[in-house]
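Only one structure is covered here, and it is reproduced in the block below.
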Amino acid sequence: MKDKENGDDSLQPKDKPSTGVEPKQEAPESPKAGHEGATLSAPIAIEKPKAGGTVEQRVDADGSPSSSGDHKPRTDEAASSVVSKSASKKPQRFLGERPLPAIEMAPRVLRYRSRRDFLLFGTGTLAALAGGAFLLPQDTLTRIGIHRNIDSPAKEWFLNKALRIDDDVAEALYSENRRVPTYTKSQITPLKNNYNGTTPDPGYVSGWTLTLDGLASGLSISLDIGNLITRFSLHEQITRLVCVEGWSAVAWWAGLRFDDLIRAYPPMSQAKWARVESSVNLDASGNPDPYFMSLDLATARHPQTLLATHFNGQPLTVDHGAPLRLVVPVKLGLKNVKAITRITYVAEEPRDYWAERGYSRYDGI
């Protein structure tokens with residue numbers, strides 16, 4: 001009976017699932033009555049943590065290792081733990097930030113390179129200043145203390161080339177669908193009288209007419225302000241006038257669209273430009289100084305290009321170009337001719353008052 005009791009494997013405690021908490025040792029049961037002096041060799045399960053997992057070792061109650069051969073290290077759990085740890089590491093991305101490598105350099109080499117970089121930077125700065133001074137107007141150079149005249153054909157050629165590139169870019173970006181911003185009446189700002197010379201006497205207004213040349217009909221047509229106001233619909237817009245001098249103003253204009261005039265009086269088929277001029281313009285001394293300007297027909301047909309008859313809700317005054325002036329919001333202010341007296345359609349780009357004085361021809365914004 002005792003041998004059966006001692007040899008019965010059913011009395012040995014079974015393995016418990018690993019919970020991460022070290023199991024408590026199980027004390028052997030005390031001998032039952034009738035079995036005095038009998039010792040129960042009950043094995044005890046002890047788990048010892050090892051790297052990569054836990055290995056369970058069975059010992060008998062007296063502390064000696066169990067002789068059972070069916071208890072091997074739990075290498076499957078160890079392998080599983082290693083796999084999980086390696087999987088938890090983030091794979092380094094191809095475009096991920098990498099630590100900068102340390103660069104060691106002798107102090108002598110570093111000083112040499114620092115001096116060299118400083119000299120190169122200083123030389124480049126002096127060259128840029130010299131080039132900038134070469135391009136400045138002579139009056140500006142005189143004011144800053146450079147009295148030597150450095151105007152030359154090369155300087156004029158370079159500046160004209162730069163203007164031509166600027167014009168080409170502005171023309172390439174032009175689109176009849178691109179509108180300049182419009183504003184509300186609360187955003188209107190004062191607009192100064194900016195004639196190129198002296199403001200003309202108002203006496204010319206009563207006999208004023210607009211002459212159209214270069215028409216498909218071959219005729220030359222004259223229109224007075226009454227014809228223009230009664231025949232064409234007036235359109236209002238509040239836009240910004242930008243001057244080449246560096247100032248701007250928001251103004252409320254009303255007038256007929258240039259495109260409506262072109263549709264009513266078509267230009268000849270080969271026409272690509274309009275020459276817009278004012279014969280009442282005066283120079284600073286009050287002498288006649290006709291003002292003329294070139295305008296490409298694509299810009300003339302822009303929906304925001306007006307032949308304005310009203311300013312801030314009132315008929316134009318002489319200060320602002322009565323009785324008819326050009327308003328081209330997609331161009332600089334020098335294209336906005338006051339007191340227009342003639343429009344001529346031509347195939348080739350015509351003369352331009354300010355382009356002949358060194359300014360741009362296209363003047364787009």
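The values are calculated or read from the model by the stated rules, or taken from the named source; none is laboratory data. Here the structure is a predicted model, which means the values were calculated and not measured. Side chains are part of the model used for accessible areas, which takes the heavy atoms of the whole protein and leaves out ligands, DNA and RNA. Shrake-Rupley method; radii C 1.70, N 1.55, O 1.52, S 1.80 Å.
Provide the solvent-accessible area of Arg342, counting protein heavy atoms only and rolling a 1.4 Å probe, rounded to the nearest 10 Å².
80
Which of Lys185/Lys335; Lys185/Lys331; Lys192/Lys331 have a Cα-Cα distance over 20 Å? Walk me through the numbers before you get to the answer.
On the way: Lys185/Lys335 24 Å; Lys185/Lys331 22 Å; Lys192/Lys331 18 Å.
Where the Cα-Cα span goes over 20 Å, the pairs concerned are Lys185/Lys335; Lys185/Lys331.
Given a 1.4 angstrom probe, what's the average accessible area per residue across the range 211-257, in square angstrom?
Numbers: 2240 Å² over 47 residues.
About 48 Å² of surface per residue is accessible.
Report, in whole Å, the centroid distance computed from the Cα atoms of the range 214-262 and the range 300-365.
Centre-to-centre (Cα) distance: 8 Å.
Ordered by residue, what ³J(HN,Hα) values in Hz, to whole numbers, does the range 277-291 give under the Karplus form 6.51 cos²θ - 1.76 cosθ + 1.60, where θ = phi - 60° and Gly and Pro are x?
9, 10, 8, 9, 6, 10, 7, 5, 8, x, 8, x, 9, x, 10
Got a number for the accessible area of Met293? Probe 1.4 Å, square angstrom, nearest 10.
About 0 Å², ignoring ligands and nucleic acids.
Largest first, how would Ile365, Ile221 line up by accessible area (1.4 Å probe)?
Output order, biggest surface exposure first: Ile365, Ile221.
Using only protein heavy atoms and a 1.4 Å probe, report how much of Val109 is accessible, in Å² to the nearest 10.
Val109 has an accessible surface of roughly 50 Å² with all protein chains in place.
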